[in-house]
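J.: Sharing a structure here in C-alpha cells format.
Every number here is computed from the coordinates shown, using simple stated rules; none is lab data. All of these numbers come straight from a predicted model, not from anything done at the bench. Backbone-built Cβ (ideal geometry, glycine too); neighbour counts: all protein chains shown.
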C-alpha cells in the first residue's frame with residue numbers, strides 16, 4: 001500500500017492593496033520560507049516616493065514572493081508589470097491573484113533571477129524595478145552590477161531595494177544615486193535613481 005504523503009500544502013495569508021483602482025482588495029500569498037511581503041507602512045512610503053512616476057510605468061518585480069509590490073504598482077496606474085520568482089507555487093499564486101483582479105498587461109515568469117537577468121531580460125525595458133532578494137546572503141551588490149551591466153533599468157528609471165542591513169551607496173554603479181532611504185525595524189529600504197546614459 002502506498003504511503004500517504006505527510007507534507008502539508010503551504011498555508012495562505014493575505015494583504016490588502018493600499019490605493020488605486022483595486023484599493024482594499026485582498027491579495028492572498030503563500031506562507032513559504034523566504035516570502036516576506038513588504039509591510040503596509042513601508043509600501044505606503046515607497047509608493048509615495050514613486051507617485052510622480054508610477055503612471056504608465058513599465059515595472060519589474062524580482063524575487064516577487066507575494067507579488068504585492070507589482071500588483072500595487074498596477075493598481076496605481078503602471079502600464080505593465082513582469083513578475084519573476086523561482087518557486088512554481090509562488091508563480092501560480094501570483095497568476096491566480098492577477099486573474100481575480102482581471103489585471104491587464106502582466107507576465108509571470110518562473111525562473112532563477114540571476115539567470116534571467118543574464119540571458120533573457122530586455123535592455124532599457126523597465127522604468128521601475130523592485131528588488132527584494134533573500135536576506136542574509138549579501139546579494140544586493142551583485143544585482144546592482146548585473147542590472148547595470150545588462151542595462152535593464154531605463155535611463156531615468158527607479159530601483160527600489162529592501163535589505164536586512166544598511167544600503168551602502170559605495171556599491172552603486174556610477175550613474176546611480178540613492179535618493180531616498182529609510183529603515184523600519186530590521187528592514188532597510190531605499191529608492192535608487194538611474195541618472196541617465
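J.: Round to the nearest 10 and give me the degree value, 0 to 90, for the angle of helix 88-101's Cα axis relative to the longest principal axis of the chain.
T.: 80
J.: Another question about this same structure. Set the Förster radius R0 to 30 Å, insert the Cβ-Cβ distance between residue 14 and residue 55 as r into 1/(1 + (r/R0)^6), and round the FRET efficiency to 0.05.
T.: On the way: r = 27 Å, r/R0 = 0.89.
It comes out at approximately 0.65.
J.: Please give the helix 140-149 orientation as an angle from the longest Cα principal axis of the chain, in degrees from 0 to 90, rounded to the nearest 10.
T.: 60
J.: Let me ask you something else. Taking a spot 7 Å from the Cα of residue 175 along the direction of its beta carbon, which residues of region 110-142 have an amide N less than 17 Å from it?
T.: 122-129
J.: Of the beta bridges DSSP finds with both residues in region 12-194, what % are antiparallel, to the nearest 5? Could you put the intermediate results ahead of the total?
T.: Numbers: 19 of 37 bridges.
Close to 50 percent.
J.: Cα convex hull of region 12-194: mean projected area in nm², to one decimal? Mind showing how you got there, number by number?
T.: On the way: hull surface 36.5 nm².
If I average the Cα hull's projected area over directions, I get 9.1 nm².
J.: For the ranges 178-187, 39-48, what's the packing order if you count other beta-carbon atoms within 10 Å of each residue, average per peptide, and put the highest first?
T.: Working: 178-187: 13.1, 39-48: 16.1.
In decreasing order of mean packing, 178-187, 39-48 become 39-48, 178-187.
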